[in-house]
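The values are calculated or read from the model by the stated rules, or taken from the named source; none is laboratory data. Just so you know, these numbers come straight off a predicted model, no measurement behind them. Glycine gets a Cβ as well: all are built from the backbone with ideal geometry, and neighbour counts include every protein chain shown. Surface accessibility is based on the protein's heavy atoms, side chains included, excluding ligands, DNA and RNA. Shrake-Rupley method; radii C 1.70, N 1.55, O 1.52, S 1.80 Å.
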Amino acid sequence: MRWGGSSTASPISHAATPSPSIRSNALRDAGPDYWGRRVIEKHAGAAQLGELDYLLNSADDRAGALGFGLNQQPPAPRRKFNKTIELAKLQEIAEALMREEDVRTEEAAQVQDLMLIGTSMGGARPKAVVEDGDGLWIAKFNRPDDRWNNTRVERAMLELAKTCGISVATSRVETIGGKDVLLVKRFDREKTDKGYQRARMISGLTLLRAEEAAEMRDRWSYVLLAEELRRVVEEPKRDAPELFRRMVFNALISNIDDHPRNHAVIAKDRNWKLSPAYDLTPSPVIAQDRRDLAMDAGDHGRFANAKNLLSQRARFLLDEQEAGTIVSDMSERVRATWYDVVRAHGVSEKDAEIIRGAFLYEGFSR
Ligand SMILES: Nc1ncnc2c1ncn2[C@@H]1O[C@H](COP(=O)(O)OP(=O)(O)O)[C@@H](O)[C@H]1O
Ligand SMILES: [Mg+2]
């Protein structure tokens with residue numbers, strides 16, 4: 001096993017030595033998650049595998065710079081990737097897997113090999129890693145049981161966040177056989193003459209030294225994450241306010257899936273920084289009085305409410321006026337433009353109505 005990227009860099013450069021929990025949790029970050037595990041289990045024909053099996057069976061294209069193999073030498077970097085033109089086939093396989101069907105084609109094994117590429121990316125939604133002339137992308141497919149066109153809505157949320165001054169992953173939608181696929185450019189791989197340069201990557205969950213289990217979520221907190229960021233990143237004055245903006249944005253669009261694995265820090269060379277934002281999804285919750293983010297946001301816990309978000313603004317290195325301006329400017333922008341932005345990105349009128357309730361619910365400004 002090796003740490004990739006620059007060989008002279010320490011895993012976390014500003015902190016002295018990474019704690020054992022950061023080390024082992026960084027392994028968890030590099031392992032497949034719900035979707036990848038499912039693909040690997042199908043491929044291996046086994047229902048349950050050990051942690052090491054998942055690591056060794058997933059393709060060496062995982063987020064971040066770690067590689068795993070059985071030899072003393074790390075595996076050679078993967079050079080062959082699925083191409084964007086193979087998306088139709090990948091989509092077909094993903095759908096078969098979602099229906100719990102065996103992939104019944106003549107070249108089943110080969111087809112499943114194709115799908116294994118990308119299994120090491122985390123997350124629950126069906127996805128694959130694909131390549132085009134510009135580099136590597138995460139392809140996210142719609143699910144048959146989605147209540148709205150997730151692909152187009154997620155793409156629109158990335159754009160809306162960008163207009164709110166948030167740094168976001170580059171994305172585009174491709175329509176294949178009448179179905180939309182979201183392509184999100186990988187920010188942890190840079191195309192060079194010699195192949196792909198890997199950036200190191202650590203999830204918010206790992207930075208927080210937290211766990212995913214429900215009973216261990218006491219450390220799930222934007223406030224604590226801001227503190228950890230300030231210790232680790234090269235430019236705390238840039239990244240702590242940026243995290244504040246993301247928290248406010250998530251509250252404004254009721255993104256209640258803003259758990260710590262949907263935040264990350266990356267290091268292309270020595271220095272760490274907050275990664276671009278990704279996985280932004282609105283949730284039209286029915287409750288109007290109170291909605292909760294996935295992480296603590298201030299003195300009143302997870303409450304997605306302006307006063308609560310402002311209550312710990314100093315930890316995000318913002319004075320009262322700066323923080324207040326961010327909240328009011330962003331609220332106004334989301335209120336005035338969300339509808340036009342989603343429609344401009346091809347979200348149907350019907351879907352826009354379904355998600356309407358996600359934006360600026362009443363309890364936000366109570
Ligand atoms: N643009 C990206 N570049 C590199 N890694 C990414 C990118 N977007 C997401 N990831 C990684 O892939 C994981 C899964 O992606 P995500 O969009 O969160 O999928 P899901 O909707 O299934 O949760 C993330 O938790 C993160 O580790
Ligand atoms: Mg996610």
If R0 = 35 Å, then A287 and E234, at their Cβ-Cβ distance, give a FRET efficiency to the nearest 0.05 of 0.30
Pseudo-spin-label distance K89 to R147, built 7 Å along Cα→Cβ, given in nm, is 3.7
Given unit charges at Cβ for Lys, Arg (+) and Asp, Glu (-), the dipole magnitude of the stretch 213-330 about its Cα centre in debye, nearest 20, is 180
accessible surface per residue for the chain, probe 1.4 Å, DNA/RNA/ligands not counted, whole Å² -> 45
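On full extension of the chain, what length is gained from L70 through R335, given 0.36 nm per residue of separation minus the C-alpha to C-alpha distance?
Values: separation 265, 0.36 × 265 = 95.40 nm, distance 5.32 nm.
Taking L70 through R335 to full extension adds about 90.1 nm, to one decimal.
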In terms of the charge dipole of the stretch 266-361, which places +1 on Lys and Arg and -1 on Asp and Glu at the beta carbon, the residue among A277, G357, A287 farthest towards the positive end is A277
Residues whose modelled amide H sits under 5 Å from the amide H of N82, counting only those 5 or more places away in sequence or on another chain, are E131
Log10 I(q)/I(0) at q = 0.06, 0.09 Å⁻¹ for the chain, from Debye over equal alpha-carbon scatterers, is -0.22, -0.51
Distance in nm between Q48 and Y34 label points, each 7 Å along Cα→Cβ, equals 1.9
Placing each pseudo-label 7 Å from Cα in the direction of the beta carbon, R209 and D269 end up separated by a distance in nanometres of 3.1
For D60, D145, D257, D188, the accessible-area ranking with a 1.4 Å probe, largest leading, is D145, D257, D60, D188
For the chain, the accessible surface attributable to carbon and sulfur atoms (probe 1.4 angstrom, ligands and nucleic acids excluded) amounts in percent to 49
